[in-house]
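The values are calculated or read from the model by the stated rules, or taken from the named source; none is laboratory data. These numbers come from a predicted model, not from an experiment. Glycine also receives a Cβ, built like all others from the backbone with ideal geometry; neighbour counts cover every protein chain displayed.
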Amino acid sequence: MPERAASAVMGIDLGINNLAVLAVPRQVIKFFSGKRCSQKRRHYTELRRKLGRKKLLKKIKAIGNQEQRYMRDVNHKISRQIVNIAKRYNAVIQLEDLSYIRERVKLSRQMNRKLHNWNFRQLRSFIEYKALAEGLKVVQVSPKYTSQRCHICGHTEKGNRPSFNAKPAATRQTQISMPV
């Protein structure tokens, strides 16, 4: 399908806690939470660990790639929603170029595990092929400061990134009072 002339730009910030955050300036902002995916990953990690300790390797093999199939399904659903929104606003899709992120970032063991299990490339490829089928353009942009840049005016500062300290006092009290 031939590319359409774009009337807007849709920026997509890929992440681990929020799998994708998309913004069309002055139009729409949408978050795709990664909470359920993290829970699934923890579940399968613990299950494989327990079965491995019991030397039940056939059970591990029987589980197979259920986790991968679940994530592929989630990525297909997210990419379809993203492309549908881009089509509605006739927008160019701007994705972060996260190539070599695993080589650039060194974190704790737990964060490295999350980073290496993060399948942003699959989500990116699904978005690209679905956008191409709809005649939409996909552009790779530098990931520097994309989480700190205001989607409306383009101003960049750390204060633009949501954090625990930036939440209203009522929300902060609710989170603190929750049992650990």
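Observations, loosely collected:
- Answer residue from the stretch 1-15, given it is modelled with pLDDT of 75 or more and in a loop (DSSP other than H, G, I, E, B) and is farthest from A91 (Cα to Cα) among those: G15
- The C-beta contact set for the stretch 20-43 (first residue more than 15 Å from L123 (Cβ to Cβ) and in contact (Cβ under 8 Å) with a residue 24 or more places away in the chain, second residue part of a helix (DSSP H, G or I) and among the aromatic types (F, W, Y), distance under 7 angstrom, 6+ apart or interchain) comprises V24/Y89; Q27/Y89; K40/Y70.
- None of R41, R88, R49 is farther than 21 Å from D13 by Cα and over 20 Å from the mean Cα position of the chain (by Cα) except R49.
- Hits in the stretch 46-68 - residues which are of a type in the set (D, E, K, R) and part of a helix (DSSP H, G or I): E46, R48, R49, K50, R53, K58, K59, K61, E67
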